[in-house]
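Visitor: Okay, handing you the structure first.
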Amino acid sequence: MTKLLQRKFVKTAMIAISLLIVLLLGAINIANIVIVRNDIDRTLLIITESRVEPNTPGMPPDSPMPNMNPEGNENRLLSSPYFLVMIDNTEKIVFTDVSHIQTIDESEAEELAEKVLKNGDTEGKLGGYRYKLSNNRFGMGATIAFLDASNEVYSYIRILLLSASIGIICWTLMLLLVIFLSKKAILPIAENMEKQKEFITNAGHEIKTPLAIIQANTDAMELYSGENKWSKNIKQQVARLDGLMKNLLFLTRSDENGLTANKADFSLSEVVFETANGFATPMALKGVKLQISVPENISINADKEQITQLISILLDNALKYTNENGFAAVFLIKDQNGICIQVKNTVPELPSVPPERLFDRFYRADTARTQKSGGYGIGLSMAKAICEANDAVISVLYEAAESISFNIKFQ
C-alpha cells in the first residue's frame, strides 16, 4: 500500500510540475517570438526613416536628405541585410537599392516589390523577407523596405530547442527529487493507514470469540425456552456482525498485499447462470421480476470463486435496492470488444452522487443508515477489488426510468 501511495504522490506531483514547466517554456517562446518580431518591426522603421530619396521630378532640389545612419542606428543597419524599392505616384518603380544585401539583385527585388503592390498590404512577410511600405516626403511616391528575416525562424527554433532541453533536464531532476522526498511525504499517512489495517485485523480476530459465545448461548437458550423474537433478533445481528468483519478482513488483506487471484479456465456461462438463478426465489418473494440472459459456452481465465462472489455481490445489491414490483436483469455479452457482465435494476430513486462514488467504502444510498436493506456499504468496494485482481474493469451507469446498471468488462 505504501508503494501505491508513493506512486500516486509522484504521479500527482509530476503532473503539476510538468504543467508548470510547459507553461514557463510556452511563455518564454511566446515572449521570444514577440521580441524578435518587434525587433524586426523597429529595424524596418529605422530603414524607412533613414532612406535616401533620389531627386525626382517635382521634389525641391535643395530639400535636405535624412541621415542614412543616424546616431544609435548604424550597428542595427550594418547587421541587417535589406534592400529598398522606390515607386512614384503611379506605382512605377523609379529606384532600387540592393547595396546592403548580397543575396538578391535588382530584378529580383523589383519582382518582390510588384508582388507587394499587387497584394495591397503596407506591411507583412513575403518569402524570407519582412517588408514595410511607407510614403515618401512631399507626397512623391512611396518606398518599400525589405528586411531579410530568414534568421527569424532559426531564432524561434533555437530558443525552442534550448528551452526544451533545459525543461527536460529540470523535469528529470525534479522527478528524482520528488521520488526521494515522496517517502518522507507519505510516511505519516502510510503509518496511519497501517495502524488502521492492523486495528481492523486484530479487532476482527478478537470479535470472533465473543460472537461465537453469543451464538452458542443463544442456541442453548432456545433449547430450553424455544425460539422467540428476541433470540431470533440476536442471531440475525450476530450473523450480520460476523459478515461485516469477514468483509472488512477481506478488504484489509487486499489492501496489504493486493488481492491474489488463482486464475484458471472455467465456464463463465455456467457460473453466471447458476449464481443468478439462486437469486430468483428471493427476488420473486419481493415481487421483483428477474431476467437472465446468458449465452452458452463462454469461458474466461480468472478466479472462479472470486467471480462467483463478484456476481453474488451485484445481485445481492440489486435485491436490496430494487423497488418492490421492480425489475432486475443479468446479461452476459460476448462481442468483438470482449466479454461483459451486466447487472441492472430499477430503483425508487437514483443516488444523488456521481456513479463512481458508489464504490467508496461504507457509502450507502440510505443516508439514514438504517438496517432496512441489510447492507454494510462495502460490497461494491469488494466488487471493485475482485475486478482489479482479475484484470476486469467495473463501471456503473445511471440510466433513464430510474434504472442503474453495473458493467464488468474483462480485458
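Visitor: Radius of gyration and Dmax for the stretch 264-410's Cα atoms, expressed in Å?
Guide: Over the stretch 264-410's Cα set, Rg and Dmax evaluate to 14.6, 44 Å.
Visitor: Further question on the same structure: Simple spin-label model, 7 Å along Cα-to-Cβ: Thr12 to Ala280 in nm?
Guide: So the two model labels end up 4.9 nm from each other.
Visitor: Also, I was wondering about something else. Stick to Cα atoms and the Kirkwood definition of Rh, then tell me Rg/Rh for the stretch 132-183. Don't skip to the end; give the middle numbers.
Guide: Numbers: Rg = 24.1 Å, Rh = 15.4 Å.
Rounded to two decimals, Rg over Rh is 1.56.
Visitor: List the trypsin sites (Lys or Arg not before Pro) within the stretch 91-125 that DSSP assigns to loop and that have no more than 13 neighbouring Cβ atoms inside 10 Å. Before the final figure, lay out each step's value.
Guide: On the way: sites: Lys92, Lys115, Lys118, Lys125; in loops: Lys92.
Sites meeting the loop and neighbour criteria: Lys92.
Visitor: Please state the charge dipole magnitude for the stretch 116-156, taken about the Cα centre, from unit charges on C-beta atoms (+1 on K and R, -1 on D and E), reported in debye and rounded to the nearest 20. Intermediate values should be presented prior to the final figure.
Guide: Working: 5 positive and 4 negative charges, 29 e Å.
Roughly 140 debye, rounded to the nearest 20.
Visitor: Tell me the GluC sites (Glu not before Pro) within the stretch 280-361 that lie in a loop according to DSSP and have at most 15 other beta-carbon atoms within 10 Å. Show your work: numbers first, answer last.
Guide: Working: sites: Glu296, Glu305, Glu324, Glu349, Glu356; in loops: Glu296, Glu324, Glu349.
Here the sparse-neighbourhood loop sites are Glu296, Glu324, Glu349.
Visitor: Here's another thing I want to ask about it. What GluC sites (Glu not before Pro) in the stretch 89-170 are in a loop by DSSP, with at most 12 other Cβ atoms within 10 Å of the Cβ? Present the calculation step by step, with values, prior to reporting the outcome.
Guide: On the way: sites: Glu91, Glu106, Glu108, Glu110, Glu111, Glu114, Glu123, Glu152; in loops: Glu91.
Qualifying residues, ordered by number: Glu91.
Visitor: Below 20 Å Cα-Cα, how many Lys pairs turn up in the stretch 264-410? Only count pairs eight or more apart in sequence, or on different chains, if you could.
Guide: Lysine pairs satisfying the spacing and distance rule in the stretch 264-410 number 16.
Values in this text are rule-based calculations from the coordinates and carry no lab data. Here the structure is a predicted model, which is why all the values come from computation and not from measurement. Cβ atoms come from the backbone with ideal geometry, glycine included; neighbour counts cover every protein chain shown.
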